[in-house]
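As structure tokens, the structure follows; a few thoughts come after it.
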Amino acid sequence: MEQWIQLTIDGITLGGVYACIALGYTLVYGVLRMINFAHGELFMMGAFAGVYTLQGFQDHTSLNEDLPSLTITAAIFMGIVVAVVLAVLMERIAYRPLRHAPRLAPLISAIGVSIFLRNVMLRYTNARREVYPDVFPDGSIEIGDVSVSYIKLFLIGMSILFMVGLYLFIQRTKTGTAIRAVAEDRDTAALMGIDVDRTIVLTFVAGAALAGATGVCYGMYVGNAAAGMGFIPGIKAFTAAVLGGIGSVPGAMLGGYFLGLSEAYTTKLFGAQYKDVVAFVLLVAVLIFRPWGFLGKREDRRA
Amino acid sequence: MAPILSVRDVSRRFQGLTALNGVSLDVEESSIVGVIGPNGAGKTTLFNLLTGFYKPTSGEIWFRGSRVDGLPLHRIAAAGISRTFQNIRLFSNMTAIENVLVGQHLHLQTNIATAVLGLPATTNAEQHAVEVAVAHLRFAGLGGRENELARNLAYGEQRRLEIARAIALRPKLILLDEPTAGMNPGESDAMIGLIRRLRDELGVTVILIEHQMRVVMGVCEYITVLDHGEVIAMGTPTEVQNDQRVIEAYLGTGHLKSGAAE
Amino acid sequence: MPGWRQHLPRPLTSAPYREALARFRETPAGANVFRFGPYALMPVLGAAAALAPTFFGTRMTFLIILVALYVLLRISDSLIGVAILALTLALLPTDMNSFEQNIMFNVALFTLLGIGLNVVVGYAGLLDLGFVAFFAVGAYLYALITAPDAGASEWAQTWDVGLTFWAVLPMALVLAALIGVLLGIPVLRLRGDYLAIVTLGFGEIIRILLTTEDYYTGGPRGMFLLPKPPFFGRELDTAYELYLVVLVLALIAVFAAERIRNSRVGRAWEAIREDEDVASAMGIDTTVYKLLAFAMGAAIGGVGGVVIAAKQGSVFPPDFSLEISINVLAVVIIGGMGNVRGILLGALLVIGLPDVLRDFSINFWAIHLDNIGQDYRLVIFGAALVAVMVLRPEGFLPSKRRVAEFREADLLQEEMAT
């Protein structure tokens, strides 16, 4: 029993990460009907920005020991900044010129961006991992026989915080309303005086900020950053977005947790080597039986 | 004689919005039927239901003695219904003749194996298909434009190419969605001639959506009027023109008798 | 500094040159030069490319080959052109050292794979990011049913099938096509972008399964000591001989792909790529045709896998990583989607050039980059995919519109006019 509780907590931890990345896919898909293949790399770049910030504090100050809350906040902030800048650049250079091109073109362009970023970091780091300085207090909470480390609680808490933040941003702010309007019907939104280009950029920014911040927290959790770390979580987060219903914000969150839990239980039931297979099987299953996901809208074809 | 097409109490709703409500309609073989009505009356929705782009929420569609609603698009095409589109949808990066050759898809047998082997029979069939396609293009008045990319054709030519592509399917029923939209009177007259020849020379039954009353009254033998997703009148052009409900539906948007509505 | 550009030499495509060229073309002599010039040029270019390895170093050789092939491909749409091209390609590596021959083998292999993926991506417009899966299927099939006792998986040792290269080739073709269909059925009904992700996942899953299912695959230890193709009593074991095998397979694939493209099947694929709903309304069963494209691409990938297994004499799971899929995709995109002729050029640029420039360095101002070809190839591919999509979606060798079909139409017209 304790083991199952432990697995559930692991699943929720990982699920929160997937959900945060999935939100970026779902938002961009909502406004552009395009899968931003390079989104997983934003998560990776965020993790690198975080690790270099913390290493900088480590090398030049003693703030990592004296005031870890400040350095962690700074690291998360840098993760957001780097991811946002990259997202704006990629939208401007690789996607915007292709907005009216055949549907394959932006997809291939996005794959190009993803390969480029991943391999630039691979070369920059010489294919090594960058180790996160030990800033987060060790230790864990014991509830009965189950122990949950502080860092795990931190990751769970932060992912929930990020998601709530994004949800409020989408639902309550003017920009969020514009994003929803463009997702619903771009032409009508433009007629209503919404600046569509700006809204699309802001959508990328929102998704990137979330991915970058999650990247830093995840990096602290696993203890390092590596060039390949965005790829598999990226695919899985996409799966989560499809599970929940692509284009749906609550769907992405639900899908993320569902996938995280499925993976955790798979590790126990079938063995760790199959944990990457389960996402794929779920993806194919949902595409066959319910392509619009748990919470998505059915789309009729339009004549 | 049984009608070639029979629409029975068909409705279609989109998330609470009723686009068509209990529409019934019979079309006799070898007739030219017009569907008119104000914008948003459900005309194109009707076409999309007839060709399988949408499935009806309720009701049945019978074509030549078999039920076709809910069939996939290519099965309905195979049953003998083809169409053109209001917002022209050609294969724009293919040439005119290729567009028509795609329309012949159902009448050619080549598969991967025979294509690779390139046996004389295959080559001859292909040669014949090209000849037929040239004939179709000529029929639609596009002789000499075979090698032009569809997107480089003039607007009126694109409309005619859609018709050439549609007849390449050798349909029994052809649906034309605003065939003269955006045309000047001279072009419209040529289009009226082409529509008549579809029926007179090819024996195809024609249903068309049209806004130019001159065209509708000039070419259609029967007219169905839709408003707010319902049939409000049916009959010959003269009957429809004098129908009180039709006049009401059109009031404010233009006058039925005095030419172009909207 | 306004107007500084005017001091630069004008490019040959600028207006004055073009006009002069057009005037020359009008004259009788000019007309003949334009009509027969290309044919005269072909053997010269072919000879230059074929002789290059005798006289020049590796980098220079590949530069000459690249330029000669580019010009050949631009001017040739005749049988003579194809014959000269094939002959040049066959003769090229005779004078090469084994390093260069291996590069040429890889170029030919990726041309073959590129033709396969091009059927899927270029013809039917379906983005397949897991092409390596079919490549792996072919390679492991070869390893499993030709394997000798040593270096084989338990399954292969137990059954010891012992077929030869030539028997496995058609089997791999069929098996890969079948797996392609099985994978395609659930996802091809859906939008193209889902297919990209599912195939990407499938490519990764295959690699995981190759590692975990060690009873069949030997797991991470792989399988080795695989036999070479037999050929009239001897074995084809040099890079050059195997290069010729791939070259023949690639030529067959080009031939088949081109014929299919110019048939009803190819037109159906193109229609699906242009507008799937309308294609369907034209009576095309889009699911069946998409499956067909997927299966055909997979089949060619499977054949490529058999060849690589025979060439290497071994198979290991890391040989079948995502990078293979990316390389093949880059070959197809950079050569020009949907364009078989461009793929050869794409393979030279994407596969050949990085190997030639393996230890090339850039030392410029503050930039010091070593081993460009080896370490930075993926960085460059990534940027190239974006650049090609944004700047030149038709690739470096724009496809000539299919001419044959319309000449027939023209003929018919003339007939009717007289």
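General observations
- For residue A:174, a cut-off of 14 angstrom between C-alpha atoms picks up these aspartates and glutamates, skipping any fewer than 8 places away in its own chain: A:195.
- Solvent-accessible area per residue in chain B equals 40 Å², computed with a 1.4 angstrom probe and all protein chains kept.
- Where chymotrypsin sites (Phe, Trp or Tyr not before Pro) in DSSP loops with at most 15 other Cβ within 10 Å are excluded, longest remaining stretch of chain C: C:57-231
- Taking all Cα pairs closer than 8 Å and separated by 6 or more residues, the relative contact order of chain C comes to 23 percent.
- Here the protein assembly as shown carries DSSP beta bridges of which approximately 65% are antiparallel, counting only pairs with both residues inside.
- Across segment C:22-165, Cα pairs under 8 Å and at least six residues apart give a relative contact order of 14 percent.
- The angle between the Cα long axis of helix C:98-118 and the longest principal axis of the Cα atoms of chain C comes to about 90 degrees, rounded to the nearest 10.
- Rounded to the nearest 20 debye, dipole of segment B:92-170 from Cβ charges on Lys, Arg, Asp, Glu: 220
- Sparse packing (at most 16 other Cβ atoms within 10 Å of the Cβ) combined with a DSSP loop state is found for the following trypsin sites (Lys or Arg not before Pro) in segment A:221-303: A:297, A:298, A:301, A:302.
- Taking Cα centre as origin and charging only the Cβ of basic (Lys, Arg, +1) and acidic (Asp, Glu, -1) residues, the dipole magnitude of the protein assembly as shown rounds to 1340 debye.
- Relative contact order of segment A:164-303, defined on C-alpha pairs under 8 angstrom at six or more residues apart (%): 17
- Seen through its C-alpha gyration tensor, with square-root eigenvalues sorted a ≥ b ≥ c, segment C:98-334 comes out prolate because a/c lies at 1.5 or above while a/b is bigger than b/c.
- Within 10 Å of each Cβ in C:285-297, the average number of Cβ atoms from other chains: 2
- For the residue pairs A:236/C:228; B:55/B:172; B:43/B:172; A:236/A:268, the alpha carbons lie more than 29 Å apart in A:236/C:228.
- The label-point distance for residue A:273 and residue C:47, in a model that sets each label 7 Å from Cα toward Cβ, rounds to 5.9 nm.
- Calculated P(r) of chain A - Cα pairs past 26 Å, %: 45
- Rounded, prolate or oblate (a/c below 1.5 giving rounded, otherwise prolate when a/b exceeds b/c) for the protein assembly as shown by Cα gyration tensor: oblate
- Looking at chain B alone, DSSP beta bridges between its own residues are antiparallel in about 55 percent of cases.
- Gap separating the Cα centres of segment C:101-146 and segment C:262-284, nearest whole Å: 25
- Placed amide H near residue B:20: partners under 5 Å, 5+ positions off or other chain: B:12
- Extension gain, residue C:208-residue C:225: 0.36 nm per intervening residue step, less the Cα-Cα distance, totals 3.9 nm.
- Buried accessible surface for the B/C pair, both sides summed and rounded to the nearest 100, is 3500 Å² with a 1.4 Å probe.
- Principal-axis tilt of helix A:2-32 within chain A, Cα atoms, nearest 10 degrees: 30
- When only the Cβ of Lys, Arg, Asp and Glu is charged (+1, +1, -1, -1), the dipole of chain A relative to its Cα centre reaches about 1300 debye.
- Zone residues, segment B:3-35, relative to residue B:181, backbone N less than 16 Å from point 7 Å out along Cα-to-Cβ: B:35
- Formal net charge of residues neighbouring residue C:222 (Cβ-Cβ distance under 11 Å; K, R +1; D, E -1): -1
- Shown in residue order for segment A:49-66 are the 3J(HN,Hα) couplings computed by the Karplus curve 6.51 cos²θ - 1.76 cosθ + 1.60 at θ = phi - 60°: 4, x, 5, 6, 4, 5, 5, x, 4, 4, 6, 10, 9, 10, 5, 4, 8, 6 Hz (x for Gly and Pro).
- Selected from C:158, C:138, C:244, residue furthest toward positive end of dipole (segment C:98-334; charges at beta carbon): C:244
- Other residues with beta-carbon under 14 Å from the beta-carbon of residue B:236 carry, at +1 per Lys or Arg and -1 per Asp or Glu, a net charge of -4.
- Between 0 and 90 degrees, the angle of helix C:79-91 with respect to the longest Cα principal axis of chain C falls at about 50 degrees.
The values are calculated or read from the model by the stated rules, or taken from the named source; none is laboratory data. The structure presented is a predicted model; accordingly, all values stated were derived computationally and were not measured. Here the Cβ is made from the backbone with ideal geometry for all residues, glycine too, and neighbour counts use every protein chain on show. The area values use the complete protein model at the heavy-atom level, side chains included, leaving out ligands, DNA and RNA. Shrake-Rupley method; radii C 1.70, N 1.55, O 1.52, S 1.80 Å.
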